[in-house]
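K.L.:
Before I ask anything, let me first share the structure, which is written out below as structure tokens.
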């Protein structure tokens, strides 16, 4: 079984800083991480490979040269190889164009039976790229997988949790599966694999290598237009009672009691 | 009978005059109770204070000390109460002086690389404050998210980074201290060298609140390393894991920032507590080795070099973490071990023995021997790089309090005798407090104790400052 795992390098949400004047992200290479849900997808692929030894995992990413780290990390965790689509022409691509580029890479380096990725990336939070790739490649897609099982019949099942129930969806390969956090963490890399992954070449390809013209990729080809960026305004200020104020605990308890008696905040 | 006086309504009234009535807790058992204990599991080391006072200025602390000294009322200073030796427990009642209102970062002096803080500042907050400046404070107790810096200084806290960065005392450059008679003693400053008279700062650091109350602390800060890589090496046996430590350091010439030792049982309980499915095989012992620096490629090279020696000494598998998420995953398991055991065993004693590093296998073997002899479990974990082993004596759940109370002192005497024979001490970083006080005479010389008492008498002739501790 050939599995492709799609991974994106994103800013670490724990240490992300915004330029107070422009409102844009301050990007620091020390704060770049692999999108956590993509690592969960890789974890799911590695667990399949442990159960089915004939499995081969390819890690695929699109991004600047620094995103090579994300692929080396994936290789340390179990991917046999990494493929980075790295091309200035691709800069500014929206989800639609990103899906076109990644689908072309998957066609070039495939065929893949199973394409796994995170449900969404922690920077864009759109959740669009996985389904768009499936549409592009004419594959089935299931999203929000909290568990992934291979049945004896060769079919696959995922569980996905909705607000009211858990759905079990059965499907055949080839397919695209977008995973949620519940699918479990990625394994820890071993030092042996880490050392191998440091030195192993990562294939770098351009849009042209994938048969895409410059006017088909990047900002210009992207139908999405960012018209305005708004900062969320905190609607609820809350009430702060500092423990260093007199009778702070008594006052906090009294406020909570009053809220409970009122039936909670409206 | 004690020589001390209880807090009278008149003393309580005067304390309210000094600090303001809202900052005095008196005759309110429910609100006094949290100040009767620290983080030692169980109920053995608890004592209600007569009164809790929460001053906010050096003048107030000085006035409280004068009042207490005149009236022979004991005063126990208290930080966050995260201690593990009963240091903040008011064993003779009296006044607990909570320092939580001393919570200000007074000054960051980047030109001199110092930060001046009040004692009630949370240790972690110092580093959060320093982070945007590219600096950090290298003291790192394991309770970093709650403990206060004043408590760290009073106990000379160690923790996980001592191998490379040393313990709290290395970073204390200046102290403002209110003495037991209310005088204010200023020591040191923003100086890296100072031999002007006796060096009293190291005497006060680790004095467990028995010589005075800190009201201001000047700390040395250093450039913050931007990256940390961690190795988690699984060994079949404890002996192999411990033997790998000197082999790895001398073989590579690399000083890791941390070298943590956990026996297999301790690590498994930590994983279980966190529901972490990390595959551990049948490992008998685990080393967590961390390196830090500013170049990730150099750190990767160092990890590979250290890995060669870890494998050579018998490691079956080595995991390598070089992302913050992976690093945090591993360290979270390490930090969860005490909590995991606290939930498992209602009766237990957390030990803090320290031995010359090469003797760790001997003391761990002794723990195994004592566990079999007394029918208890003694998982071991701790700081292999500095010889500080946290053995945790755990009674089976069906033991009664009576059986536990009768057994533990005998077991500890045997353990401490072996520790002393190996050239070790009974506390590396938690302190003696009231918990280990009964064992002091058996592990240190009479001359040492005499010297401690002479110093104590010189600074606190009435013995009101945190009595019942150390000796």
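The values are calculated or read from the model by the stated rules, or taken from the named source; none is laboratory data. Just so it is clear, the model here is predicted, and its values are computed rather than measured. Glycine also receives a Cβ, built like all others from the backbone with ideal geometry; neighbour counts cover every protein chain displayed.
K.L.:
Can you name every residue in segment B:171-189 that is surrounded by fewer than 16 Cβ atoms within 10 Å (Cβ to Cβ) and touching a residue at least 40 places away in the same chain (Cβ under 8 Å)? Spell out how you get there, then give the answer.
P.N.:
Kept after step one, since they are surrounded by fewer than 16 Cβ atoms within 10 Å (Cβ to Cβ), are these residues of segment B:171-189: B:183, B:185-186, B:189.
Correct list: B:183 only.
K.L.:
Considering B:435, B:403, which residue is over 30 Å from residue B:183 (Cβ atoms), more than 20 Å from the chain's Cα centre (by Cα) and outside the structural domain of residue B:83 (by TED's automatic domain parsing)? First the steps, then the outcome.
P.N.:
Numbers: B:435 fails: more than 20 Å from the chain's Cα centre (by Cα).
Residue meeting the stated conditions: B:403.
K.L.:
Another question about this same structure. If the Cβ limit is 6 Å and pairs must be 6+ apart or interchain, which residue in segment B:311-338 that is more than 27 Å from residue B:82 (Cα to Cα) and more than 7 Å from chain A (Cβ to nearest Cβ) pairs with which residue that is part of a loop (DSSP other than H, G, I, E, B) and modelled with pLDDT of 90 or more?
P.N.:
Pairs that qualify, where the first residue is more than 27 Å from residue B:82 (Cα to Cα) and more than 7 Å from chain A (Cβ to nearest Cβ) and the partner is part of a loop (DSSP other than H, G, I, E, B) and modelled with pLDDT of 90 or more: there are none.
K.L.:
For segment B:16-30, enumerate the residues that are surrounded by fewer than 15 Cβ atoms within 10 Å (Cβ to Cβ), over 30 Å from the mean Cα position of the chain (by Cα), away from chain A (no Cβ under 14 Å) and assigned to a helix (DSSP H, G or I).
P.N.:
Listed by number, the list holds a single entry, B:17.
K.L.:
Output yes when any residue across segment A:16-39 is more than 11 Å from chain B (Cβ to nearest Cβ), part of a helix (DSSP H, G or I), under 18 Å from residue A:125 (Cα atoms) and modelled with pLDDT of 70 or more, and no when none is.
P.N.:
yes
K.L.:
Within segment B:174-185, can you find the residues that are farther than 22 Å from residue B:111 by Cα and assigned to a strand (DSSP E or B)?
P.N.:
Residues of segment B:174-185 that are farther than 22 Å from residue B:111 by Cα, as a first pass: B:177-185.
Matches in segment B:174-185: B:177, B:178, B:184, B:185.
K.L.:
Another question, if that's okay. Working carefully through the options B:223, B:236, find the one that is modelled with pLDDT of 90 or more, out of contact with any helix residue (DSSP H, G or I) (no Cβ under 8 Å at 6 or more places or on another chain) and closer than 30 Å to residue B:129 by Cβ.
P.N.:
Working: B:236 fails: closer than 30 Å to residue B:129 by Cβ.
When all the criteria are applied, what remains is B:223.
K.L.:
In segment B:392-416, what count of residues is obtained for those that are part of a strand (DSSP E or B) and within 19 Å of residue B:359 (Cα to Cα)?
P.N.:
So in segment B:392-416, the residues part of a strand (DSSP E or B) come out as B:392-394.
So of that shortlist, the ones also within 19 Å of residue B:359 (Cα to Cα) come out as B:392.
Qualifying residue count, segment B:392-416: 1.
K.L.:
Only one residue in A:263, A:211 is out of contact with any helix residue (DSSP H, G or I) (no Cβ under 6 Å at 6 or more places or on another chain), more than 14 Å from every other protein chain (Cβ to nearest Cβ) and more than 28 Å from residue A:102 (Cβ to Cβ), so which one is that? Walk me through how you get there before you give the answer.
P.N.:
Numbers: A:211 fails: more than 28 Å from residue A:102 (Cβ to Cβ).
Testing whether each residue is out of contact with any helix residue (DSSP H, G or I) (no Cβ under 6 Å at 6 or more places or on another chain), more than 14 Å from every other protein chain (Cβ to nearest Cβ) and more than 28 Å from residue A:102 (Cβ to Cβ) leaves just A:263.
K.L.:
I've got another one for you. So residue B:58 fits all but one of (1) within 14 Å of another protein chain (Cβ to nearest Cβ); (2) more than 22 Å from residue B:433 (Cβ to Cβ); (3) within 26 Å of the chain's Cα centre (by Cα); what number is the exception?
P.N.:
With (1) within 14 Å of another protein chain (Cβ to nearest Cβ); (2) more than 22 Å from residue B:433 (Cβ to Cβ); (3) within 26 Å of the chain's Cα centre (by Cα) applied to residue B:58, the lone miss is (1).
K.L.:
From the list B:106, B:89, B:61, which one is surrounded by fewer than 24 Cβ atoms within 10 Å (Cβ to Cβ), out of contact with any helix residue (DSSP H, G or I) (no Cβ under 6 Å at 6 or more places or on another chain) and either assigned by TED's automatic domain parsing to the domain that holds residue B:26 or not in a loop (DSSP other than H, G, I, E, B) (or both)? Give the derivation first.
P.N.:
Numbers: B:89 fails: surrounded by fewer than 24 Cβ atoms within 10 Å (Cβ to Cβ); B:61 fails: surrounded by fewer than 24 Cβ atoms within 10 Å (Cβ to Cβ).
Step by step, each of B:106, B:89, B:61 is checked, and only B:106 is surrounded by fewer than 24 Cβ atoms within 10 Å (Cβ to Cβ), out of contact with any helix residue (DSSP H, G or I) (no Cβ under 6 Å at 6 or more places or on another chain) and either assigned by TED's automatic domain parsing to the domain that holds residue B:26 or not in a loop (DSSP other than H, G, I, E, B) (or both).
K.L.:
Restricting attention to segment A:174-181, does a residue exist that is within 14 Å of the chain's Cα centre (by Cα), over 18 Å from residue A:58 (Cβ atoms), modelled with pLDDT of 90 or more and within 14 Å of another protein chain (Cβ to nearest Cβ)? Full working, then the answer.
P.N.:
Residues of segment A:174-181 within 14 Å of the chain's Cα centre (by Cα): A:176-181.
Next cut, over 18 Å from residue A:58 (Cβ atoms) only: A:180-181.
Adding the requirement that they be modelled with pLDDT of 90 or more leaves A:180-181.
In the following step, the residues that additionally are within 14 Å of another protein chain (Cβ to nearest Cβ) were identified as A:181.
Checked against the condition, which is being within 14 Å of the chain's Cα centre (by Cα), over 18 Å from residue A:58 (Cβ atoms), modelled with pLDDT of 90 or more and within 14 Å of another protein chain (Cβ to nearest Cβ), segment A:174-181 yields at least one hit.
K.L.:
Does residue A:224 satisfy the condition of being farther than 27 Å from residue A:1 by Cβ, more than 14 Å from chain B (Cβ to nearest Cβ) and in contact with a strand residue (DSSP E or B) (Cβ under 9 Å, 6 or more places away or on another chain)? Before the answer, list the steps.
P.N.:
On the way: farther than 27 Å from residue A:1 by Cβ: yes; more than 14 Å from chain B (Cβ to nearest Cβ): yes; in contact with a strand residue (DSSP E or B) (Cβ under 9 Å, 6 or more places away or on another chain): no.
No; evaluated as a whole, the condition is false for this residue.
K.L.:
Which condition from (1) out of contact with any helix residue (DSSP H, G or I) (no Cβ under 7 Å at 6 or more places or on another chain); (2) surrounded by 11 or more Cβ atoms within 10 Å (Cβ to Cβ); (3) more than 14 Å from chain B (Cβ to nearest Cβ) is the one that residue A:230 breaks?
P.N.:
Evaluating residue A:230 over (1) out of contact with any helix residue (DSSP H, G or I) (no Cβ under 7 Å at 6 or more places or on another chain); (2) surrounded by 11 or more Cβ atoms within 10 Å (Cβ to Cβ); (3) more than 14 Å from chain B (Cβ to nearest Cβ) leaves (2) as the failure.
K.L.:
Here is a follow-up. Condition first: assigned to a strand (DSSP E or B) and surrounded by 24 or more Cβ atoms within 10 Å (Cβ to Cβ). Now tell me which residues in segment A:89-119 satisfy that.
P.N.:
Applying the first criterion (assigned to a strand (DSSP E or B)) to segment A:89-119 yields A:114-118.
Selection gives A:115, A:116, A:117, A:118.
K.L.:
Related question: All but one of (1) under 23 Å from residue B:167 (Cβ atoms); (2) crowded, with 17+ Cβ neighbours inside 10 Å; (3) within 21 Å of the chain's Cα centre (by Cα) hold for residue B:342, so report the exception by its number.
P.N.:
(1)
K.L.:
Can you name the residue in segment B:1-15 that is in a helix (DSSP H, G or I) and either closer than 30 Å to residue B:401 by Cα or touching a helix residue (DSSP H, G or I) at 6+ places or on another chain (Cβ under 8 Å) (or both) and, of all such residues, is nearest to the other protein chains (Cβ to nearest Cβ)?
P.N.:
Start the filter on segment B:1-15 by keeping residues that are in a helix (DSSP H, G or I), which leaves B:9-15.
Right, trim to either closer than 30 Å to residue B:401 by Cα or touching a helix residue (DSSP H, G or I) at 6+ places or on another chain (Cβ under 8 Å) (or both) and you get B:11, B:14-15.
Details: B:11: 20, B:14: 18, B:15: 15 Å.
The qualifying residue nearest to the other protein chains (Cβ to nearest Cβ) is B:15.
K.L.:
Another question, if that's okay. Identify, by number, the condition in (1) surrounded by fewer than 17 Cβ atoms within 10 Å (Cβ to Cβ); (2) in a helix (DSSP H, G or I); (3) within 14 Å of another protein chain (Cβ to nearest Cβ) that residue A:246 doesn't meet.
P.N.:
(2)
K.L.:
Which one of these does residue A:200 not meet: (1) modelled with pLDDT of 90 or more; (2) away from chain B (no Cβ under 14 Å); (3) in contact with a helix residue (DSSP H, G or I) (Cβ under 8 Å, 6 or more places away or on another chain); (4) under 22 Å from residue A:63 (Cβ atoms)?
P.N.:
(2)
K.L.:
So how many residues does segment A:123-178 have that are assigned to a strand (DSSP E or B) and farther than 19 Å from residue A:8 by Cβ? Break it down stepwise before answering.
P.N.:
Step one: of segment A:123-178, the residues assigned to a strand (DSSP E or B) are A:140-145, A:147-150, A:156-161, A:166-171, A:175-178.
Adding the requirement that they be farther than 19 Å from residue A:8 by Cβ leaves A:140, A:142, A:147-150, A:156-161, A:166-171, A:175.
Within segment A:123-178, residues that are assigned to a strand (DSSP E or B) and farther than 19 Å from residue A:8 by Cβ number 19.
K.L.:
Would it be correct to say that residue A:219 is more than 14 Å from every other protein chain (Cβ to nearest Cβ) and in contact with a helix residue (DSSP H, G or I) (Cβ under 7 Å, 6 or more places away or on another chain)? Outline the logic, then answer.
P.N.:
On the way: more than 14 Å from every other protein chain (Cβ to nearest Cβ): yes; in contact with a helix residue (DSSP H, G or I) (Cβ under 7 Å, 6 or more places away or on another chain): no.
Taking the combined requirement at face value, the residue does not satisfy it.
K.L.:
Looking at A:67, A:59, which one is crowded, with 24+ Cβ neighbours inside 10 Å and either touching a helix residue (DSSP H, G or I) at 6+ places or on another chain (Cβ under 7 Å) or in contact (Cβ under 8 Å) with a residue 24 or more places away in the chain (or both)?
P.N.:
Working: A:67 fails: crowded, with 24+ Cβ neighbours inside 10 Å.
Answer to the selection: A:59.
K.L.:
Another one. Please give the number of the condition residue B:33 fails out of (1) in contact (Cβ under 8 Å) with a residue 40 or more places away in the chain; (2) within 30 Å of residue B:426 (Cβ to Cβ); (3) within 14 Å of another protein chain (Cβ to nearest Cβ).
P.N.:
(1)
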